[in-house]
Amino acid sequence: MKRTTTISGTNSMSNEDFAKFIVESPLYHRVRAVENIDMRQPAWCEIADYCDKKFVFKCPVEKSVQTFRTMPFDGYYDGSLMYRSVEDNSLPDGFDEKTKLFAKTFSLTGECQSCGHRIDIIITAFTDMEWTPTTAGASLYMQKIGQYPAFSIEVQTEVSKYLTEDDLSFYKKAMISLSQNYGIGAFAYFRRIIENEIQRLIKSISELEFDGVDMIKQSFLKYETDHQMSPMIDALNKHLPGSLTRLGDNPIKLLHQQLSEGIHGLTEEQCADKARHIDALLSYVIKVINEEKFAFKGAMQAIQALRKS
């Protein structure tokens, strides 16, 4: 019978976080599934606890986004992912007798709820602390270590249309690097993209309609003459459109600051995190610019049509 109690701890991974882990996490990027595990209390977590979870993914067969559900690989799971009984002080299931660390690998299958197509995912779970009868505060982590077929690298439509051909190539290389957990490479590619695209982003903002846009236009024209980026960034700080001030900071300035960030002092994981943050912020800025342009164009067309009627 499947146990209904899940492993004791705090901030356990939600269904939404687990779906994000399945869809977005590259291979070997670890995520924390449970933290503050108290081994002094009865605790367990079964592989079946990660079955029947929904996630949204582009089906390779239907070529469209569909709902998938996780299920045991080949209909089978091998019992407890982690189990601890307080009846004695014996080593809990899944812990290595020599290292006293927990580590277990298991497989899940994601099945498309529309056509039945399946994708296979191999996951390893492990703790960050040795087990003792009084261990408290440990965390359980998960990593994807394999998936078939491999998830394809797809670029958001707004991003692919906005970037130049060269920078779109860099973007795809950055995303491939992230999928293989090469954080330093991904961060380097994104820095190259920012270096190339920062002027185009500011020029695009100067073509929008908002209070203060004339100051940005003037600063951009001056930049084309003296190539001094700092005064143009300062102008943005004072006259950023409202659609980009909702973040509480200047996203263009934050992106530009990444060009001065050193790489060699950062780990692969730190660089990977920075690359993901840059991707999210860059995509957001491009999306806002496109939406503003579309809204302005639509409004102008409406004005012209009403004037003629």
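The values are calculated or read from the model by the stated rules, or taken from the named source; none is laboratory data. Computed from a prediction, not measured in an experiment: that's the story for all the values here. As a convention, Cβ positions derive from the backbone with ideal geometry for all residues, glycine included, and neighbour counts pool all protein chains shown.
Numerical summary
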quantity	calculated
All positions within segment 256-282 that are charged (D, E, K, R) and under 11 Å from Ile194 (Cα atoms)	Asp279
Tally, over segment 147-176, of residues that are part of a helix (DSSP H, G or I) and within 19 Å of Ile194 (Cβ to Cβ)	17
Selected residue [modelled with pLDDT of 90 or more, surrounded by 15 or more Cβ atoms within 10 Å (Cβ to Cβ), of a type in the set (A, V, I, L, M) and within 20 Å of Tyr162 (Cα to Cα)] from Leu244, Leu255	Leu255
Selection from segment 94-118 of residues that are part of a strand (DSSP E or B), farther than 12 Å from Tyr148 by Cα and at pLDDT 90 or above	Glu111, Cys112
Matching residues in segment 178-188 - criterion: being crowded, with 24+ Cβ neighbours inside 10 Å and either modelled with pLDDT of 95 or more or more than 10 Å from Cys271 (Cα to Cα) (or both)	none
Residues that are at pLDDT below 85 and either of a type in the set (Asp, Glu) or at positive phi (or both), drawn from segment 23-62	Glu24, Tyr28, Glu35, Asn36, Asp38, Glu46, Asp49
Residues within segment 204-241 that are exposed (fewer than 15 other Cβ atoms within 10 Å of the Cβ), among the basic types (Lys, Arg) and modelled with pLDDT of 90 or more, tallied	1
Residue match in segment 119-128 (condition: exposed (fewer than 14 other Cβ atoms within 10 Å of the Cβ) and either under 25 Å from the mean Cα position of the chain (by Cα) or modelled with pLDDT under 90 (or both))	no
Within segment 107-153, tally of residues that are aromatic (Phe, Trp, Tyr) and under 23 Å from Ser90 (Cα atoms)	3
Subset tally (residues that are farther than 25 Å from Ile278 by Cα and touching a Gly at 6+ places or on another chain (Cβ under 8 Å)) for segment 195-241	1
